[in-house]
Amino acid sequence: MFAAYGLTEKPFSLSPSPRYMYLAAQHRAAMGKILFTCQEREGLSLLIGDVGLGKTTIAHRVAELLRENPDNLVRFISSSYPTEHQLLRGICQEFDIPLERSKQGQLTAFNAFLVEQYQAGKNVILIIDEAQLCKGAHFELIRQMLNYEIPDQGKLIQIVLMAQEEIRTKLRTKNALVSRIATRATLAPLNLEDTQNLISFRLQVAGRDEPLFTPEAVDRIWAHSRGVPRTIMSLCLNMLIAAASTGLPMIDGAFAGAVIAESEIVSPPLRKVKRQLTLALEK
């Protein structure tokens, strides 16, 4: 459908793909912090960003880089377990640790596993997605896990929390855990320049080197999306489909505006976007 534009692939698919991952400066900085925490056995790293800002994409890219070293044992888990015991059992299942009846028995088995892996030269890394869903007992379990360490050698487990903004409120009363956060980063919406670079990068990966969106069209996309990558992708996909259907050689501002009006793709809430930008600048 898009061959007329010199495209051999879909440039604006909403499904994550490492090949299409555009890294702005803030993304590179966030990845650098997470990688440092994991590789140097510093324990806990926190990445905050709301829906559509690229947390999952960054998490998978970080995992991919960490797995280049076979001594890194990287696992993903969701925080959606009702109790801390169930979360612990879920974590143990991810690492193929035998399940025990009691929480204390499970913690003992988990600690033994961490010691065994450390002695074998392995680094155990756990990425917890949707960490804003964690309850108080979940956070306490994470704190307990971070107590497993070898003096002067570092933590036996490295934990990355991927969370939406709501986690800030929950962590306000968790000083014992907050004090263990080695690195943290906040993802903000893209600025206009990064929005242009994102669109150009994805078009190039898909086979087109020449611009397809005029500067006016990019302005419209950025203004309506408010710099949220997922919304940018959605708008570009709809515009590309509409342009291909009508044989339009270039997507200009007027055409972009018409597609935006018809697509019913909602702009992200402005108050939330402003807060994300402010918090990111504070970091």
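Quick notes on this structure:
- All conditions in (1) crowded, with 17+ Cβ neighbours inside 10 Å; (2) farther than 28 Å from K122 by Cβ hold for M31, with the sole exception of (2).
- Condition met for R89 (touching a residue at least 40 places away in the same chain (Cβ under 8 Å), assigned to a helix (DSSP H, G or I) and surrounded by fewer than 20 Cβ atoms within 10 Å (Cβ to Cβ)): no
- You will find that of K122, K33, the residue that is touching a residue at least 40 places away in the same chain (Cβ under 8 Å) and either under 22 Å from R184 (Cβ atoms) or among the polar types (S, T, N, Q) (or both) is K33 and no other.
- Condition met for I232 (part of a helix (DSSP H, G or I), modelled with pLDDT of 95 or more, within 17 Å of G49 (Cα to Cα) and not assigned by TED's automatic domain parsing to the domain that holds G32): yes
- Of all the numbered requirements in (1) in the same structural domain as L171 (by TED's automatic domain parsing); (2) in contact with a Phe, Trp or Tyr (Cβ under 9 Å, 6 or more places away or on another chain); (3) not basic (K, R), Y20 misses one, and that requirement is (1).
- Selection status of K55, farther than 30 Å from L156 by Cα and touching a residue at least 12 places away in the same chain (Cβ under 8 Å): no
So that you can scan it fast, the table gives a plain yes or no per residue for (1) surrounded by fewer than 20 Cβ atoms within 10 Å (Cβ to Cβ); (2) in contact with a Gly (Cβ under 6 Å, 6 or more places away or on another chain); (3) modelled with pLDDT under 95:
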| position | (1), (2), (3) |
| --- | --- |
| L212 | no, no, no |
| R220 | no, yes, no |
| L237 | yes, no, no |
| I251 | no, no, no |
| G257 | yes, no, no |
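- Among (1) closer than 30 Å to S179 by Cβ; (2) assigned to a loop (DSSP other than H, G, I, E, B); (3) hydrophobic (A, V, I, L, M, F, W, C) - the single one L35 does not satisfy: (2)
- Candidates in the stretch 224-264 are the residues that are of a type in the set (A, V, I, L, M, F, W, C) and within 24 Å of T56 (Cα to Cα); of these, the one that is nearest to the chain's Cα centre (by Cα) is V228.
The values are calculated or read from the model by the stated rules, or taken from the named source; none is laboratory data. Predicted, not measured: the structure shown is a model, and the values here were computed from it. Here the Cβ is made from the backbone with ideal geometry for all residues, glycine too, and neighbour counts use every protein chain on show.
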